Each structure stands twice: as structure tokens, then as C-alpha cells.
Amino acid sequence: MSGIRLDIGFMAVLAGLTLSAAGPAGAEDGTTAIAIQTGKSGPRIERDIFGQFAEHLGTGIYGGIWVGKDSPIPNVRGIRSDVVAALKAIKVPVVRWPGGCFADEYHWRNGIGPAAKRPATVNGNWGGVIEPNSFGSHEFFDFLDQIGAEAYLSVNVGSGSPQEAADWLEYLTSSSPTTLAKQRAANGHPAPYRIKYLGLGNENWGCGGSMSPDHYVEEMKLFSHYARDLNPALAEPMQRVAVGWGDKDSDYTEAVMKAWPGDHWAWSVEGLSIHNYSLGGKWPPHLPGNGFGEEDYALLLKETLDMDQLIAKETAIMDRYDPAGKVGVMVDEWGAWLAPAPGSNPHFLVQENSLRDAILASLNLNIFMRHADRVRQTNIAQLANVLQSMVVTDGPRMVLTPTYHVYKLYVPFQGATLVPVEFDAGHYRDLPRFDAVAARDAQGKLWLAVTNIDPNQAGHVVVTLAGTSAEAASGQVLTAPKVDSANSFAAPDTVAPKPIDAAVKDGKLDLVLPPKSVAVLSVR
Ligand code: AHR
């Protein structure tokens with residue numbers, strides 16, 4: 001089983017840290033030692049690593065975010081206030097919109113102007129339901145303003161044109177008196193909007209047009225060149241994100257990077273995407289979201305750890321063309337994709353969210369942080385009511401998922417600086433038993449996140465700080481009675497964080513982590 005320890009060490013080596021392959025050995029009494037290398041530091045953990053994804057899919061937008069101005073559900077300009085309050089609490093840095101597959105059939109002009117005049121169209125990817133276009137560009141940016149997040153806009157490469165995308169960018173970002181900018185002002189927003197990221201298509205190897213890698217690159221160059229950000233007030237230029245690795249296939253990554261850096265004047269990209277869902281080994285998604293046992297728990301978590309190797313492989317390809325690491329990896333779709341919840345419309349991708357998803361989220365966020373030298377942005381799929389969501393709504397009701405709580409626990413890691421940790425991951429079946437990440441925030445405070453994957457055994461962890469004595473550690477831990485424990489409207493706090501404190505002995509912290517738990521502590 002030493003391979004497990006090597007895996008964890010391997011992740012850290014790839015992140016440019018100073019971890020040994022095995023870390024300090026676990027003591028014979030079953031305790032695990034975590035040594036925080038307080039004198040060293042790794043890369044900055046970009047806030048955008050904790051980003052979200054909201055697609056016109058099922059009730060992800062309609063019902064989950066947008067209820068309309070006349071709704072009895074409390075809202076501000078049509079955007080539901082309970083969801084806004086929940087998202088503000090997790091400090092969502094960025095939201096990717098309008099898709100997903102939906103992006104490559106979205107025509108932005110349908111979503112501007114007086115609500116009554118917007119056309120009803122068909123959402124061809126997701127059940128052929130009517131798309132009312134009530135939530136369009138202005139509503140998206142209003143939503144971002146309300147939650148305090150940046151925009152990641154995906155333009156339609158599959159069924160749109162470079163001209164349509166260029167017009168959308170001019171409409172949104174121009175401050176000159178062009179006809180499109182005046183139209184934006186007439187529609188209620190005289191000031192140009194800020195777009196932080198621009199997605200150049202979505203899964204164009206699949207739902208985005210089944211393009212060969214070379215065909216995609218030729219199309220992508222046109223969008224990269226013509227879809228210009230015209231906002232002169234931008235401190236940082238908009239970052240363009242090309243489609244990269246997906247469906248376990250590296251062809252797009254190779255093709256895009258081979259063409260990069262392009263002609264600085266004509267086109268370029270600043271990011272390359274990865275999509276990677278945890279499915280339980282095979283398509284279609286079939287693992288139940290509740291009523292499952294330890295087998296399914298371990299299966300999904302083992303698969304999710306593949307994210308580390310996927311990022312390593314994408315990065316290795318990118319390094320050949322871009323050794324300076326200018327192009328960022330954007331994991332702009334990830335998470336658990338399970339069987340549809342019983343009784344739900346299978347096209348709406350509704351699944352039950354459990355404690356297992358929270359553990360899965362922590363493992364992926366830890367992987368992203370360890371790769372923070374390249375991974376600059378990620379977007380979990382999806383924000384509301386779809387796949388591994390943050391919130392579930394039903395009419396006026398809203399409940400926070402276990403995954404939401406992990407995002408809340410991890411807020412201190414946003415914008416912090418990675419601090420290397422050494423530890424023996426141990427083993428639970430053919431997985432590591434523990435995972436751990438440390439970081440120092442802008443105020444100099446040290447944070448430690450530890451996950452105990454083992455669903456049966458509590459973990460006794462002893463934490464040391466290199467070159468200094470630890471004085472105290474306190475924080476919160478997320479766990480629940482069963483691996484499939486979930487929150488519901490009737491019992492919203494079944495999976496909710498509780499306080500956890502470490503005992504201090506001889507300058508070391510002594511922690512007992514419940515089985516199947518995620519803890520985040522501030523350490524002094
Ligand atoms: O997130 C659901 C779908 O998964 C997205 O629309 C698509 O990009 C991916 O295949």
C-alpha cells in the first residue's frame with residue numbers, strides 16, 4: 001500500500017513543494033503526524049479556484065436563481081434573495097454562464113430588452129423545454145453584483161459566429177458611443193460591464209459541434225481575435241479560455257498549445273480548460289445519490305482522485321509549449337455526476353447531495369490548491385439544483401448542501417498562500433486515509449484543512465509547526481452519521497459544521513477527526 005503514500009507525495013512534488021514522497025511515518029499507536037512547514041511557502045491560491053458554474057439547465061437558473069420580479073418569493077429585481085445571501089456567505093469569486101452545452105446554442109440577443117418582447121426558444125440540450133430568455137445578460141450581471149462575483153462568459157462557437165460574439169462583447173463592454181453600447185444603456189446599464197474570463201466554446205469535441213481538434217483551433221482563433229473586450233477601465237485584461245482536455249482525451253490540449261501563443265496581435269488564449277466528472281467508473285452516470293453504502297462511497301472517491309493525474313498530464317503537455325506557465329489551467333466543470341434523483345426529469349440532472357459529495361469536494365479543492373502554480377480557476381458543476389450543487393430550491397424553500405458547507409469552511413484559503421505539509425496519508429481500502437493542505441492568509445493567519453476519508457475510524461492527528469511550538473487550533477468540522485447523510489427541507493442541518501478544537505501537548509496539536517469528516521482550523 002505504499003503506493004498511496006507515493007501518490008500523495010507525487011501531487012506535492014508536482015505542485016513544486018518540498019514534500020517527501022512518504023512524509024513522516026505514522027506512529028505505531030495509529031496516530032498520524034502532519035508537519036506544517038511554516039518557514040516555506042508555495043504559490044498563491046487564486047480565489048477563482050473556488051468558482052461556480054450556472055447553466056440554463058433544468059432549474060439551475062429558473063427557480064434556482066431567477067424567480068422573476070413579481071414572484072412572491074423574496075427577490076431583488078427577480079433574483080432570489082435566499083440564494084444570494086447563501087452565496088455571499090461563501091464569497092463566490094466567479095460564475096461561469098450560460099453553459100455548458102447550452103452556451104453553444106445561446107444567442108445573446110434573445111436575452112436583452114423588455115421582458116415581454118423576448119422570444120421563447122427551445123433548450124435543445126436539456127430536455128427540449130422552453131427557454132423564456134427572461135434571464136439574459138443584464139440579469140446575469142445583476143446577479144453577479146448582488147453576490148459580489150466576477151463574470152466568466154462562454155461564447156457560442158458551435159452554432160454562433162465570431163461576429164455574434166464580437167457584437168455581444170461590444171454590447172457588454174464598450175464605453176464608446178456605438179449603437180450597441182447605446183442599446184445597453186437604453187436597456188438600463190450605461191456603464192460597461194467587466195468580463196474577467198471569456199470561454200471560447202464548450203466541449204466542442206462533443207455537444208459544442210463535434211469538431212476535430214484542428215478544426216476547433218481554427219474556429220477558436222477567430223473568436224479569440226474578434227470577441228474583443230472594449231472596456232478601457234480594466235486593470236487586468238480579460239482572459240480567454242480555450243477548450244482543452246475532456247472525455248479523458250488530450251487531443252484538444254495538444255492542438256491548442258501547439259498553436260499557442262499565436263500571433264500576439266491576432267489571437268491568443270490565457271487559459272485552457274479541463275472537464276472532469278466523477279461518475280463511478282462508467283457512463284452513463286449510475287451511482288445513486290442516497291441509500292448507498294461503503295462500496296459506492298469508496299468507488300467514487302477513488303475515481304475523484306484521478307483529478308490530480310489529469311491536471312498533471314495537461315500541465316505536462318502545456319509545459320512543452322509554455323514552460324513559463326503563462327497559460328492557466330481552468331477546471332471549468334467538475335464534480336460528482338450521479339444517477340438522476342428518483343422521480344426527477346432525467347434531462348434536468350437533479351441528484352441527491354450527501355456527505356460523500358462534501359468529502360469529494362474537499363479532495364478536489366485540495367488537489368487544485370496543490371496545483372495552484374497552474375490551476376487558476378475552477379467551476380464546480382453546478383450552482384443550484386443541478387449535479388453537485390451548493391443549494392437546492394423548491395418553490396420558496398432552499399436548503400444548503402453538504403458541498404456548500406465545504407466551500408464555506410474553505411473561504412480562508414481564497415487568495416491565501418500555500419504552505420507545504422508533510423504527512424503520511426495512511427490507507428483506507430485502496431485510497432489514502434487522510435488528506436491535508438495548509439495555507440497562510442493575507443493577514444498572516446495559518447489555516448489547516450484535513451480530510452479523514454475513512455468512514456469507520458476516527459483519525460488521531462498530531463500537528464507540528466516547523467521550527468516553532470503550536471499554541472492553539474480551533475475551527476469547524478463537517479461530518480454526519482452516514483456516508484449518504486444529506487440535508488433536506490425537513491432536516492436542513494443533518495450535515496452541518498460543528499466546532500472542533502485541538503488539544504495542545506508539548507508544542508504539538510492533538511486532533512481527533514471523526515470518521516468521514518472535513519475539518520478546517522486556524523492554527524497558532
Ligand atoms: O454540466 C452539465 C454538462 O456537462 C455541461 O453542459 C457540459 O459541458 C458537460 O458535458
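Structure summary
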| quantity | calculated |
| --- | --- |
| Every residue from the range 318-341 that is farther than 17 Å from R376 by Cα and away from the ligand (no atom under 16 Å from the Cβ) | R320, Y321 |
| Any chance A33 is more than 16 Å from the ligand (Cβ to nearest atom) and of a type in the set (A, V, I, L, M, F, W, C) | yes |
| Any strands (runs of 3 or more DSSP E) falling wholly within the range 104-159 and containing at least 2 residues that are closer than 26 Å to K196 by Cβ | 150-155 |
| Evaluation of R44 against (1) touching a Phe, Trp or Tyr at 6+ places or on another chain (Cβ under 7 Å); (2) more than 16 Å from the ligand (Cβ to nearest atom) (one fails), failing number | (1) |
| Selected residue (only one of L478, L521, L513, L509 is more than 27 Å from K302 (Cα to Cα) and surrounded by 18 or more Cβ atoms within 10 Å (Cβ to Cβ)) | L509 |
| Residue under evaluation G64, criteria (1) farther than 30 Å from T401 by Cβ; (2) assigned to a loop (DSSP other than H, G, I, E, B); (3) modelled with pLDDT of 95 or more, criterion not met | (1) |
| Evaluation of E236 against (1) within 16 Å of the ligand (Cβ to nearest atom); (2) in a loop (DSSP other than H, G, I, E, B) (one fails), failing number | (1) |
| Subset of the range 368-409 (residues that are more than 16 Å from the ligand (Cβ to nearest atom) and within 23 Å of Y197 (Cα to Cα)) | F368, M369, R370, H371, A372, D373, R374, V375, R376, Y407 |
| Matching option when the condition is buried (at least 18 other Cβ atoms within 10 Å of the Cβ), within 21 Å of the chain's Cα centre (by Cα), touching a residue at least 60 places away in the same chain (Cβ under 8 Å) and under 26 Å from G271 (Cβ atoms), among L200, L144 | L200 |
| Number of positions in the range 241-255 that are more than 16 Å from the ligand (Cβ to nearest atom), modelled with pLDDT of 95 or more and either farther than 17 Å from V157 by Cβ or buried (at least 22 other Cβ atoms within 10 Å of the Cβ) (or both) | 2 |
| Residue in the range 440-462 that is within 23 Å of the chain's Cα centre (by Cα), surrounded by fewer than 17 Cβ atoms within 10 Å (Cβ to Cβ) and either basic (K, R) or modelled with pLDDT of 95 or more (or both) present | yes |
| Pairs where the first residue, in the range 329-349, is modelled with pLDDT of 95 or more and the second is aromatic (F, W, Y) and buried (at least 24 other Cβ atoms within 10 Å of the Cβ), C-beta under 8 Å, 6+ apart | M330/Y197; V331/F368; D332/F53; D332/Y152; E333/F53 |
| Residue under evaluation G158, criteria (1) within 16 Å of the ligand (Cβ to nearest atom); (2) of a type outside the set (F, W, Y); (3) touching a strand residue (DSSP E or B) at 6+ places or on another chain (Cβ under 9 Å), criterion not met | (3) |
| Count - residues of the range 42-55 that are under 17 Å from the mean Cα position of the chain (by Cα) and not in a strand (DSSP E or B) | 8 |
| Candidate set: the range 92-111, residues that are under 27 Å from V406 (Cα atoms) and more than 9 Å from the ligand (Cβ to nearest atom); chosen: the one surrounded by the most Cβ atoms within 10 Å (Cβ to Cβ) | R96 |
| Odd one out for L279 among (1) more than 14 Å from the ligand (Cβ to nearest atom); (2) more than 28 Å from W108 (Cβ to Cβ); (3) aliphatic (A, V, I, L, M) | (1) |
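To keep it simple, each residue is scored yes or no on (1) among the acidic types (D, E); (2) more than 20 Å from the chain's Cα centre (by Cα); (3) surrounded by 21 or more Cβ atoms within 10 Å (Cβ to Cβ); (4) not in a loop (DSSP other than H, G, I, E, B).
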position	(1), (2), (3), (4)
V392	no, no, yes, yes
T403	no, no, yes, yes
K408	no, no, no, yes
G415	no, no, no, no
L418	no, no, yes, yes
E422	yes, yes, yes, yes
G426	no, yes, yes, no
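The values are calculated or read from the model by the stated rules, or taken from the named source; none is laboratory data. Remember, predicted model here, so these are calculated numbers, not experimental data. Counting neighbours? That spans all protein chains shown, and the Cβs are built from the backbone with ideal geometry, glycine included.
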